[in-house]
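The values are calculated or read from the model by the stated rules, or taken from the named source; none is laboratory data. Keep in mind it's a predicted model, so treat the numbers as computed, not measured. Cβ placement follows ideal geometry from the backbone for every residue including glycine, while neighbour counts extend to all protein chains displayed.
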Ligand code: PHE
(Lines give C-alpha, C1' and ligand atoms only; values in the text may rest on other atoms or scores of the structure.)
Protein backbone atom coordinates (compact mmCIF):
# COMPACT_ATOMS: atom_id res chain seq x y z
CA UNK A 1 0.00 0.00 0.00
CA UNK A 2 2.84 2.27 0.80
CA UNK A 3 4.17 1.70 -2.68
CA UNK A 4 0.78 2.45 -4.12
CA UNK A 5 0.58 5.66 -2.15
CA UNK A 6 4.03 6.70 -3.34
CA UNK A 7 3.14 5.86 -6.89
CA UNK A 8 -0.07 7.89 -6.64
CA UNK A 9 1.87 10.83 -5.22
CA UNK A 10 4.44 10.70 -8.02
CA UNK A 11 1.68 10.56 -10.59
CA UNK A 12 -0.01 13.51 -8.94
CA UNK A 13 3.25 15.50 -9.06
CA UNK A 14 3.65 14.81 -12.76
CA UNK A 15 0.06 15.72 -13.52
CA UNK A 16 -0.09 18.95 -11.60
CA UNK A 17 3.03 20.15 -13.42
CA UNK A 18 1.17 20.17 -16.71
CA UNK A 19 -1.79 22.26 -15.49
CA UNK A 20 -2.24 25.98 -15.88
CA UNK A 21 -5.89 26.61 -14.98
CA UNK A 22 -7.16 26.91 -11.45
CA UNK A 23 -10.24 24.78 -12.17
CA UNK A 24 -8.08 21.94 -13.50
CA UNK A 25 -5.91 22.03 -10.42
CA UNK A 26 -8.96 21.85 -8.16
CA UNK A 27 -10.44 18.93 -10.05
CA UNK A 28 -7.09 17.12 -9.99
CA UNK A 29 -7.02 17.68 -6.25
CA UNK A 30 -10.43 16.13 -5.78
CA UNK A 31 -9.53 13.21 -8.06
CA UNK A 32 -6.84 12.36 -5.50
CA UNK A 33 -8.19 13.55 -2.18
CA UNK A 34 -11.95 13.52 -2.80
CA UNK A 35 -14.19 10.77 -1.40
CA UNK A 36 -13.71 8.69 -4.51
CA UNK A 37 -10.24 10.00 -5.17
CA UNK A 38 -7.14 7.85 -5.78
CA UNK A 39 -5.77 8.22 -2.26
CA UNK A 40 -9.10 7.46 -0.65
CA UNK A 41 -9.44 4.40 -2.90
CA UNK A 42 -6.08 3.09 -1.75
CA UNK A 43 -6.97 3.70 1.86
CA UNK A 44 -10.16 1.69 1.48
CA UNK A 45 -8.08 -1.48 1.55
CA UNK A 46 -6.70 -0.39 4.91
CA UNK A 47 -9.23 -2.57 6.58
CA UNK A 48 -7.41 -5.65 5.19
CA UNK A 49 -4.05 -4.55 6.59
CA UNK A 50 -2.41 -5.86 9.76
CA UNK A 51 -2.28 -3.50 12.79
CA UNK A 52 1.47 -2.99 12.21
CA UNK A 53 0.89 -2.08 8.59
CA UNK A 54 -1.83 0.34 9.61
CA UNK A 55 0.51 2.10 12.03
CA UNK A 56 2.85 2.70 9.14
CA UNK A 57 0.30 3.47 6.47
CA UNK A 58 -1.80 5.93 8.52
CA UNK A 59 0.95 8.54 9.00
CA UNK A 60 2.24 7.98 5.46
CA UNK A 61 -1.19 8.63 4.02
CA UNK A 62 -1.51 11.80 6.07
CA UNK A 63 1.90 12.93 4.97
CA UNK A 64 1.01 12.41 1.31
CA UNK A 65 -2.32 14.20 1.74
CA UNK A 66 -0.52 17.18 3.23
CA UNK A 67 2.05 17.19 0.45
CA UNK A 68 -0.70 17.17 -2.13
CA UNK A 69 -2.47 20.05 -0.36
CA UNK A 70 0.79 21.99 -0.32
CA UNK A 71 1.46 21.41 -4.01
CA UNK A 72 -2.09 22.44 -4.84
CA UNK A 73 -1.80 25.66 -2.82
CA UNK A 74 1.54 26.45 -4.42
CA UNK A 75 0.23 25.75 -7.91
CA UNK A 76 -2.85 27.94 -7.33
CA UNK A 77 -0.77 30.87 -6.14
CA UNK A 78 1.66 30.44 -9.08
CA UNK A 79 -1.24 30.55 -11.49
CA UNK A 80 -2.65 33.67 -9.82
CA UNK A 81 0.72 35.40 -9.99
CA UNK A 82 1.10 34.50 -13.66
CA UNK A 83 -2.34 35.96 -14.35
CA UNK A 84 -1.48 39.21 -12.57
CA UNK A 85 1.78 39.51 -14.47
CA UNK A 86 0.04 38.90 -17.74
CA UNK A 87 -2.55 41.58 -16.96
CA UNK A 88 0.18 44.04 -16.01
CA UNK A 89 2.11 43.46 -19.17
CA UNK A 90 -1.00 43.94 -21.28
CA UNK A 91 -2.39 47.02 -19.50
CA UNK A 92 0.82 49.00 -19.38
CA UNK A 93 0.31 52.72 -18.79
CA UNK A 94 3.12 54.78 -20.24
CA UNK A 95 3.50 57.74 -17.92
CA UNK A 96 6.28 59.30 -19.95
CA UNK A 97 5.24 62.14 -22.22
CA UNK A 98 6.09 60.62 -25.56
CA UNK A 99 5.77 62.29 -28.93
CA UNK A 100 2.99 59.83 -29.72
CA UNK A 101 0.99 61.04 -26.71
CA UNK A 102 1.64 64.66 -27.65
CA UNK A 103 0.40 64.02 -31.15
CA UNK A 104 -2.75 62.33 -29.87
CA UNK A 105 -3.71 64.94 -27.32
CA UNK A 106 -2.71 68.46 -28.11
CA UNK A 107 -4.70 70.03 -25.29
CA UNK A 108 -1.98 69.95 -22.70
CA UNK A 109 -0.59 73.04 -21.01
CA UNK A 110 2.74 74.58 -21.77
CA UNK A 111 4.93 77.49 -20.89
CA UNK A 112 4.17 81.03 -21.96
CA UNK A 113 6.81 82.37 -24.36
CA UNK A 114 7.80 84.90 -21.71
CA UNK A 115 8.56 82.12 -19.28
CA UNK A 116 10.53 80.23 -21.91
CA UNK A 117 12.69 83.25 -22.75
CA UNK A 118 13.08 84.30 -19.11
CA UNK A 119 14.28 80.83 -18.14
CA UNK A 120 16.71 80.82 -21.03
CA UNK A 121 18.14 84.23 -20.13
CA UNK A 122 18.38 83.29 -16.45
CA UNK A 123 20.32 80.16 -17.35
CA UNK A 124 22.76 82.16 -19.45
CA UNK A 125 23.41 84.64 -16.65
CA UNK A 126 23.62 81.94 -13.99
CA UNK A 127 26.33 80.29 -16.08
CA UNK A 128 28.22 83.61 -16.04
CA UNK A 129 28.13 83.81 -12.24
CA UNK A 130 25.13 86.12 -11.79
CA UNK A 131 22.60 85.70 -8.96
CA UNK A 132 18.87 85.96 -9.70
CA UNK A 133 17.03 88.43 -7.43
CA UNK A 134 13.41 89.37 -6.93
CA UNK A 135 11.74 92.50 -5.57
CA UNK A 136 8.32 93.96 -4.71
CA UNK A 137 5.90 95.29 -7.32
CA UNK A 138 4.62 97.95 -4.92
CA UNK A 139 7.52 100.25 -4.24
CA UNK A 140 8.27 103.53 -2.56
CA UNK A 141 9.38 106.52 -4.58
CA UNK A 142 12.75 106.19 -2.86
CA UNK A 143 13.59 102.89 -4.58
CA UNK A 144 11.88 103.73 -7.86
CA UNK A 145 13.25 107.28 -8.24
CA UNK A 146 15.27 109.02 -5.51
CA UNK A 147 17.90 106.35 -4.95
CA UNK A 148 18.28 106.18 -8.73
CA UNK A 149 19.33 109.80 -8.91
CA UNK A 150 15.85 111.06 -9.83
CA UNK A 151 14.78 113.56 -7.12
CA UNK A 152 11.18 114.79 -6.83
CA UNK A 153 11.55 117.80 -9.13
CA UNK A 154 13.63 115.96 -11.74
CA UNK A 155 12.10 116.11 -15.23
CA UNK A 156 13.10 112.47 -15.78
CA UNK A 157 10.16 111.45 -13.57
CA UNK A 158 7.98 112.26 -16.54
CA UNK A 159 9.87 109.71 -18.67
CA UNK A 160 7.95 106.98 -16.93
CA UNK A 161 4.24 107.59 -16.37
CA UNK A 162 3.62 106.24 -12.95
CA UNK A 163 0.69 104.56 -11.19
CA UNK A 164 0.67 106.19 -7.76
CA UNK A 165 -1.18 104.85 -4.73
CA UNK A 166 -3.63 107.05 -2.91
CA UNK A 167 -2.47 105.87 0.52
CA UNK A 168 0.00 108.76 0.42
CA UNK A 169 3.15 108.04 2.38
CA UNK A 170 5.17 105.13 3.77
CA UNK A 171 6.47 105.33 7.37
CA UNK A 172 9.64 106.98 5.99
CA UNK A 173 7.54 109.68 4.35
CA UNK A 174 7.64 108.06 0.91
CA UNK A 175 4.76 107.75 -1.50
CA UNK A 176 3.87 104.27 -2.81
CA UNK A 177 3.70 103.38 -6.48
CA UNK A 178 3.74 100.41 -8.85
CA UNK A 179 7.36 100.08 -9.91
CA UNK A 180 7.95 101.53 -13.35
CA UNK A 181 11.16 99.57 -13.89
CA UNK A 182 13.18 96.77 -12.36
CA UNK A 183 15.97 99.26 -11.57
CA UNK A 184 14.45 99.37 -8.07
CA UNK A 185 16.27 96.11 -7.46
CA UNK A 186 19.62 97.72 -8.26
CA UNK A 187 19.31 99.63 -4.99
CA UNK A 188 17.85 96.74 -2.98
CA UNK A 189 20.58 94.46 -4.33
CA UNK A 190 23.39 96.90 -3.47
CA UNK A 191 22.03 97.43 0.03
CA UNK A 192 22.04 93.75 0.83
CA UNK A 193 25.46 92.68 -0.47
CA UNK A 194 29.08 93.75 -0.55
CA UNK A 195 31.05 94.28 -3.78
CA UNK A 196 32.14 92.59 -5.92
CA UNK A 197 28.78 91.14 -7.00
CA UNK A 198 26.70 90.58 -10.09
CA UNK A 199 22.99 89.84 -10.28
CA UNK A 200 19.99 89.95 -12.55
CA UNK A 201 16.37 90.62 -11.57
CA UNK A 202 13.55 89.72 -13.95
CA UNK A 203 10.10 91.05 -13.18
CA UNK A 204 6.87 92.80 -14.06
CA UNK A 205 6.77 96.59 -14.31
CA UNK A 206 3.87 99.00 -14.73
CA UNK A 207 3.43 102.23 -16.66
CA UNK A 208 0.40 104.38 -17.15
CA UNK A 209 0.80 104.53 -20.92
CA UNK A 210 -1.33 104.31 -23.98
CA UNK A 211 -0.89 100.86 -25.51
CA UNK A 212 0.12 100.07 -29.07
CA UNK A 213 1.93 97.29 -30.94
CA UNK A 214 5.11 97.85 -28.93
CA UNK A 215 3.80 99.31 -25.64
CA UNK A 216 1.87 97.69 -22.81
CA UNK A 217 0.95 99.03 -19.37
CA UNK A 218 2.16 95.85 -17.72
CA UNK A 219 5.33 94.35 -19.13
CA UNK A 220 8.50 92.51 -18.25
CA UNK A 221 12.03 93.72 -17.80
CA UNK A 222 15.21 92.05 -16.69
CA UNK A 223 17.56 94.22 -14.72
CA UNK A 224 21.23 93.41 -14.50
CA UNK A 225 24.00 94.86 -12.39
CA UNK A 226 27.68 94.16 -11.91
CA UNK A 227 29.73 96.05 -9.33
CA UNK A 228 33.42 95.63 -8.59
CA UNK A 229 36.75 97.30 -9.13
CA UNK A 230 37.78 98.77 -12.49
CA UNK A 231 34.73 97.71 -14.44
CA UNK A 232 34.62 99.33 -17.84
CA UNK A 233 32.31 100.01 -20.76
CA UNK A 234 34.04 97.19 -22.63
CA UNK A 235 32.99 94.75 -19.88
CA UNK A 236 29.45 95.98 -20.34
CA UNK A 237 29.53 95.55 -24.10
CA UNK A 238 31.11 92.10 -23.79
CA UNK A 239 28.28 90.85 -21.57
CA UNK A 240 25.56 92.40 -23.74
CA UNK A 241 26.97 90.80 -26.91
CA UNK A 242 27.43 87.49 -25.18
CA UNK A 243 23.78 87.29 -24.09
CA UNK A 244 22.43 88.28 -27.48
CA UNK A 245 24.45 85.64 -29.33
CA UNK A 246 23.43 83.01 -26.79
CA UNK A 247 19.77 83.91 -27.09
CA UNK A 248 19.45 84.29 -30.83
CA UNK A 249 22.01 81.61 -31.62
CA UNK A 250 22.91 83.59 -34.71
CA UNK A 251 24.58 86.90 -35.41
CA UNK A 252 22.01 89.66 -34.99
CA UNK A 253 22.76 93.18 -36.03
CA UNK A 254 22.96 95.59 -33.09
CA UNK A 255 23.83 99.24 -32.73
CA UNK A 256 24.94 101.19 -29.70
CA UNK A 257 24.01 104.83 -29.32
CA UNK A 258 24.11 107.27 -26.44
CA UNK A 259 21.05 107.14 -24.20
CA UNK A 260 20.01 109.22 -21.24
CA UNK A 261 19.03 107.67 -17.91
CA UNK A 262 19.77 109.62 -14.71
CA UNK A 263 21.11 106.50 -12.99
CA UNK A 264 23.89 105.75 -15.48
CA UNK A 265 26.74 107.82 -16.84
CA UNK A 266 27.59 107.31 -19.63
CA UNK A 267 24.31 105.73 -20.71
CA UNK A 268 23.59 103.78 -23.89
CA UNK A 269 20.75 102.37 -25.87
CA UNK A 270 21.51 99.05 -27.47
CA UNK A 271 19.15 98.53 -30.39
CA UNK A 272 18.60 95.34 -32.32
CA UNK A 273 17.65 95.08 -36.01
CA UNK A 274 13.91 94.43 -35.97
CA UNK A 275 13.46 90.67 -36.33
CA UNK A 276 9.78 91.01 -37.19
CA UNK A 277 10.35 92.90 -40.46
CA UNK A 278 14.11 92.22 -40.86
CA UNK A 279 14.70 95.96 -40.65
CA UNK A 280 12.29 96.94 -43.42
CA UNK A 281 10.02 98.85 -41.04
CA UNK A 282 6.83 97.69 -39.29
CA UNK A 283 4.50 98.64 -36.44
CA UNK A 284 6.77 97.02 -33.85
CA UNK A 285 9.84 99.09 -34.77
CA UNK A 286 7.68 102.08 -35.67
CA UNK A 287 8.97 101.89 -39.25
CA UNK A 288 12.61 102.58 -38.25
CA UNK A 289 13.88 99.00 -38.59
CA UNK A 290 15.53 99.02 -35.14
CA UNK A 291 14.11 98.16 -31.70
CA UNK A 292 15.34 99.49 -28.36
CA UNK A 293 16.18 96.33 -26.50
CA UNK A 294 18.90 96.90 -23.96
CA UNK A 295 19.29 100.30 -22.29
CA UNK A 296 22.43 100.23 -20.21
CA UNK A 297 25.34 102.22 -18.84
CA UNK A 298 27.91 102.71 -16.09
CA UNK A 299 26.27 103.10 -12.69
CA UNK A 300 26.09 106.74 -11.58
CA UNK A 301 28.16 107.50 -8.44
CA UNK A 302 25.05 108.86 -6.69
CA UNK A 303 23.32 105.53 -7.21
CA UNK A 304 26.27 103.62 -5.76
CA UNK A 305 26.18 105.95 -2.77
CA UNK A 306 22.43 105.41 -2.29
CA UNK A 307 23.17 101.67 -2.23
CA UNK A 308 25.86 102.15 0.45
CA UNK A 309 28.82 101.67 -1.90
CA UNK A 310 31.81 104.00 -2.10
CA UNK A 311 32.07 105.20 -5.73
CA UNK A 312 35.75 106.10 -5.14
CA UNK A 313 36.50 102.45 -4.62
CA UNK A 314 33.99 100.61 -6.77
CA UNK A 315 32.13 101.07 -10.02
CA UNK A 316 29.90 98.98 -12.21
CA UNK A 317 27.43 98.66 -15.02
CA UNK A 318 23.68 98.16 -15.14
CA UNK A 319 21.23 97.27 -17.87
CA UNK A 320 17.48 96.91 -18.23
CA UNK A 321 16.70 94.27 -20.84
CA UNK A 322 13.19 94.58 -22.29
CA UNK A 323 12.11 90.96 -21.86
CA UNK A 324 8.85 91.32 -23.78
CA UNK A 325 10.65 92.92 -26.70
CA UNK A 326 13.16 90.12 -26.61
CA UNK A 327 10.32 87.57 -26.76
CA UNK A 328 8.87 89.44 -29.73
CA UNK A 329 12.20 89.58 -31.54
CA UNK A 330 12.96 85.94 -30.87
CA UNK A 331 9.61 84.61 -32.10
CA UNK A 332 8.76 87.34 -34.60
CA UNK A 333 5.63 88.47 -32.69
CA UNK A 334 4.17 91.58 -34.25
CA UNK A 335 2.13 92.97 -31.35
CA UNK A 336 3.11 93.09 -27.67
CA UNK A 337 -0.57 92.91 -26.68
CA UNK A 338 -0.71 89.25 -27.72
CA UNK A 339 1.51 88.42 -24.75
CA UNK A 340 -1.09 89.45 -22.20
CA UNK A 341 -4.15 88.43 -24.20
CA UNK A 342 -4.57 85.00 -22.61
CA UNK A 343 -5.69 83.84 -26.06
CA UNK A 344 -4.96 80.11 -26.35
CA UNK A 345 -4.58 80.36 -30.12
CA UNK A 346 -1.55 82.53 -29.40
CA UNK A 347 -0.24 80.83 -26.27
CA UNK A 348 -0.39 77.29 -27.60
CA UNK A 349 2.07 78.02 -30.39
CA UNK A 350 4.99 77.99 -27.98
CA UNK A 351 4.45 74.76 -26.05
CA UNK A 352 7.73 73.38 -24.87
CA UNK A 353 8.57 71.16 -21.96
N1 LIG B 1 15.28 101.35 -16.01
C2 LIG B 1 15.42 101.85 -17.34
C3 LIG B 1 14.04 101.92 -18.00
O4 LIG B 1 13.21 101.16 -17.65
C5 LIG B 1 16.33 101.00 -18.16
C6 LIG B 1 17.75 101.00 -17.70
C7 LIG B 1 18.20 100.08 -16.75
C8 LIG B 1 18.66 101.89 -18.24
C9 LIG B 1 19.52 100.09 -16.34
C10 LIG B 1 19.97 101.88 -17.87
C11 LIG B 1 20.40 100.99 -16.94
O12 LIG B 1 13.80 102.67 -18.89
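None of 183, 214 is within 16 Å of the ligand (Cβ to nearest atom) and more than 21 Å from residue 315 (Cα to Cα) except 214. Contact map, segment 306-321: residues that are farther than 19 Å from residue 200 by Cα paired with residues that are part of a strand (DSSP E or B), Cβ distance under 9 Å, separation 6+ or inter-chain. Pairs shown: 311/299.
Every condition in (1) part of a loop (DSSP other than H, G, I, E, B); (2) in contact (Cβ under 8 Å) with a residue 12 or more places away in the chain is met by residue 151 except one, and the failing one is (2).
Counting only helices (runs of 4 or more DSSP H) that fall entirely inside segment 1-73 and contain at least 1 residues that are exposed (fewer than 12 other Cβ atoms within 10 Å of the Cβ) and within 60 Å of the chain's Cα centre (by Cα), the qualifying elements are 2-18, 22-33.
Of the candidates 188, 193, the single residue that is in the same structural domain as residue 331 (by TED's automatic domain parsing), within 16 Å of the ligand (Cβ to nearest atom) and within 30 Å of residue 138 (Cβ to Cβ) is 188. Mind checking whether some residue in segment 171-179 is within 11 Å of the ligand (Cβ to nearest atom), at negative phi, buried (at least 21 other Cβ atoms within 10 Å of the Cβ) and in a loop (DSSP other than H, G, I, E, B)? Yes; the residues of segment 171-179 include at least one that is within 11 Å of the ligand (Cβ to nearest atom), at negative phi, buried (at least 21 other Cβ atoms within 10 Å of the Cβ) and in a loop (DSSP other than H, G, I, E, B). Consider segment 294-314 and keep the residues that are buried (at least 22 other Cβ atoms within 10 Å of the Cβ) and assigned to a strand (DSSP E or B). The one that is nearest to the chain's Cα centre (by Cα) is 294. Consider segment 74-98 and keep the residues that are in contact (Cβ under 8 Å) with a residue 40 or more places away in the chain and more than 36 Å from the chain's Cα centre (by Cα). The one that is surrounded by the most Cβ atoms within 10 Å (Cβ to Cβ) is 75.
Considering (1) farther than 28 Å from residue 337 by Cβ; (2) touching a helix residue (DSSP H, G or I) at 6+ places or on another chain (Cβ under 6 Å), the lone condition that residue 256 does not fulfil carries the number (2).
Restricting segment 212-233 to residues that are in a loop (DSSP other than H, G, I, E, B) and out of contact with any helix residue (DSSP H, G or I) (no Cβ under 6 Å at 6 or more places or on another chain), the residue that is surrounded by the fewest Cβ atoms within 10 Å (Cβ to Cβ) is 230. Considering only residues that are within 13 Å of residue 214 (Cβ to Cβ) and within 11 Å of the ligand (Cβ to nearest atom), which ones fall in segment 255-292? The one that is within 13 Å of residue 214 (Cβ to Cβ) and within 11 Å of the ligand (Cβ to nearest atom): 292. Checking each residue in segment 232-254 for being modelled with pLDDT of 90 or more and either out of contact with any strand residue (DSSP E or B) (no Cβ under 6 Å at 6 or more places or on another chain) or away from the ligand (no atom under 14 Å from the Cβ) (or both) picks out 232, 233, 234, 235.
Which ones in segment 255-276 are in a loop (DSSP other than H, G, I, E, B) and exposed (fewer than 15 other Cβ atoms within 10 Å of the Cβ)? Steps first, answer last, please.
Applying the first criterion (in a loop (DSSP other than H, G, I, E, B)) to segment 255-276 yields 259-263, 274-276.
Of everything in segment 255-276, just one residue is in a loop (DSSP other than H, G, I, E, B) and exposed (fewer than 15 other Cβ atoms within 10 Å of the Cβ), namely 260.
When segment 329-342 is filtered for residues that are more than 22 Å from the chain's Cα centre (by Cα) and either in a helix (DSSP H, G or I) or surrounded by fewer than 19 Cβ atoms within 10 Å (Cβ to Cβ) (or both), the ones remaining, listed by number, are 329, 332, 334, 335, 336, 337, 338, 341.
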